[in-house]
């Protein structure tokens, strides 16, 4: 059983060579390893070729190294010890860990709860306003003389019209005063648009356009990819801060930091799912 010495300073290339040789010795292909470990094949290839630091944050590399080395029969503690000699900041914990997808989901759930609560509050206020206006209208009609009295059913219709007008005014005011940011916009289905992907630093990207896988590879720094989209784009990004999303000529900026497993882009903007 191979056990690399813990104190020897090595490179990620040497670690990767050792992992690749162990996989080949077991007679396994990268596809077989991917299916059994559920680690993306691009990540496995990057680890074996010593390019993992180019597409992932060190903290995620450490996690994948642990899982892959255990799968190949290594003592993962020895592999991690070697990797830590290259990234001493991991030992002290002073490292930008990026955005965990579960944290993003929790944040989205909180935002959704706030929106629902706000909608319920607006609905309650509108109902109270309708009741108030209706009671005032009925009281006014009761005080009219016999010749000016209006039938109760007409009074109810009048109060309903007032309530609807108030609701429309409140909705219009809300739409003017609160413009949702592009990254929180709900998807707009079947609306064609143009998307450009600008790469600031080398990053692993898997991109699906209208449900069809277009590519999964490491995109080099400075490249720009432009797509004509009928419906939506879904992306896996290794380092989200290295990517700028542009929809119909409008820059939406980077979708976040660290590994983001599913970014959905539509004509309205993007959101992390």
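The values are calculated or read from the model by the stated rules, or taken from the named source; none is laboratory data. All figures in this text were calculated on a predicted structure; none of them were measured in a lab. Ideal geometry is used to build each Cβ from the backbone, glycine not excepted, and the neighbour counts take in all protein chains shown.
Residues in segment 57-96 that are loosely packed, with under 14 Cβ neighbours inside 10 Å and at pLDDT below 85: 88, 89, 91, 92, 93, 94, 96. Just wondering, is there one or more residues in segment 30-38 that are at pLDDT below 95, surrounded by fewer than 13 Cβ atoms within 10 Å (Cβ to Cβ) and closer than 29 Å to residue 270 by Cα? Within segment 30-38, one or more residues are at pLDDT below 95, surrounded by fewer than 13 Cβ atoms within 10 Å (Cβ to Cβ) and closer than 29 Å to residue 270 by Cα.
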